[in-house]
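Q: Encoded as structure tokens, here's the structure I'll be asking about.
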Amino acid sequence: MTCRRVGALLEAYADGELEAEAVLDVEAHLADCNGCSSRLQLEHAVKKSLRRQVYAEAQPNDAFRERILASFRAEAERTAVANLDEPSHRSGMLSWSSIVPLAAAAAMALLWSAKVSDPKQSAKTPGNKTTIASVGPASVEQMLEELVDRHIDRSKPDVTEPALLLERMEPEVGVPVHFPSLAQYGARWQGGKLVKIRQEPTASLKFLVDGHRVTVYVFNSEHFALGSPLKRRVIGDEPVYTGWKRGYSIATADRHGIGYAVATDLGEDEGAEIVASLH
């Protein structure tokens, strides 16, 4: 495949819109062409910059947030006053017609406050296990984007000796980072690197399986929510979550607080089987 042909496909490739066969052809070319690889990195950088800009501009200001919360409070007060004459009030109990709006208003206020709070403060407050990375499907989508970004990154690894993974990465990641045994898949070790996924330190461990790149991520699962848009499956006795992003299969699992994710251009079944084997 020529550079001209690859150049015409790079945008679709970066967006995960290519067929599997075309993805393999593009990646085979990228493996040998520094020029096209640099163009792809620029494409990813532009897209990430746009996402950051859109996110920043979408944040409501303090005045708007206060108007929303004031509206919730006013609605709750109106509902309480409107129900003062109901029989349930005379018996000393609130009726369901008053409880439901009050609960809804309180829940909406709490949810709004959580979503617009400072991401760094939300992620680092002691005892607060609900971080910005675990709020809603949109955040899971962003996590998948970053898993793919780190998977296609071709920078040199920080650690090439498996015995050093635990020593070098556990203090940063916050959970044990053991060398995964993938010998049954014929995997060849490429090296490991400490990366950030949703601003959380994550171990990125890279392998080659029959010429296909496989990245195993190890992270503290308290910082991430596994759910929609990922699909829950059971491999053996192990629950895993699988999905696709930009032509790559993603499989994730939680093992007693240690989170694992696998990104690869292998099929969804293969990724799910690999992540289910990790302990």
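Q: For region 1-38, name all the residues that are among the hydrophobic types (A, V, I, L, M, F, W, C) and touching a residue at least 40 places away in the same chain (Cβ under 8 Å).
A: Within region 1-38, ALA14, LEU18, ALA20, VAL23, LEU24 meet the criteria.
Q: Of the conditions (1) free of Cβ contacts under 8 Å to residues at least 24 places away in the same chain; (2) surrounded by 14 or more Cβ atoms within 10 Å (Cβ to Cβ), TYR217 fails just one. Which one is it?
A: (1)
Q: Can you find a residue that is more than 23 Å from the chain's Cα centre (by Cα) and farther than 20 Å from LYS245 by Cβ anywhere in region 14-24?
A: no
Q: Filtering region 123-145 down to residues that are outside any loop (DSSP other than H, G, I, E, B), surrounded by fewer than 20 Cβ atoms within 10 Å (Cβ to Cβ) and not hydrophobic (A, V, I, L, M, F, W, C), which residue is modelled with the lowest pLDDT?
A: LYS124
Q: Give the residue that is surrounded by the fewest Cβ atoms within 10 Å (Cβ to Cβ), with candidates limited to residues of region 242-264 that are in contact (Cβ under 8 Å) with a residue 60 or more places away in the chain and over 18 Å from GLU141 (Cα atoms).
A: Ranking the candidates gives GLY257 first.
Q: Filter region 194-245 down to the residues that are of a type in the set (Ser, Thr, Tyr), touching a strand residue (DSSP E or B) at 6+ places or on another chain (Cβ under 7 Å) and at pLDDT below 90 and list them by number.
A: SER221
Q: Name, by its number, the condition in (1) farther than 21 Å from GLU27 by Cβ; (2) touching a residue at least 24 places away in the same chain (Cβ under 8 Å); (3) surrounded by fewer than 16 Cβ atoms within 10 Å (Cβ to Cβ); (4) charged (D, E, K, R) that does not hold for ASP210.
A: If we test ASP210 against (1) farther than 21 Å from GLU27 by Cβ; (2) touching a residue at least 24 places away in the same chain (Cβ under 8 Å); (3) surrounded by fewer than 16 Cβ atoms within 10 Å (Cβ to Cβ); (4) charged (D, E, K, R), just (1) comes out false.
Q: Then there is this: Can you spot a residue in region 176-189 that is basic (Lys, Arg), surrounded by fewer than 19 Cβ atoms within 10 Å (Cβ to Cβ) and within 30 Å of ARG39 (Cα to Cα)?
A: Taking every residue of region 176-189 in turn, at least one turns out to be basic (Lys, Arg), surrounded by fewer than 19 Cβ atoms within 10 Å (Cβ to Cβ) and within 30 Å of ARG39 (Cα to Cα).
The values are calculated or read from the model by the stated rules, or taken from the named source; none is laboratory data. Because the structure is a prediction, the values reported are computed rather than measured. With ideal geometry, Cβ positions are generated from the backbone for all residues, glycine too; neighbour counts draw on all protein chains shown.
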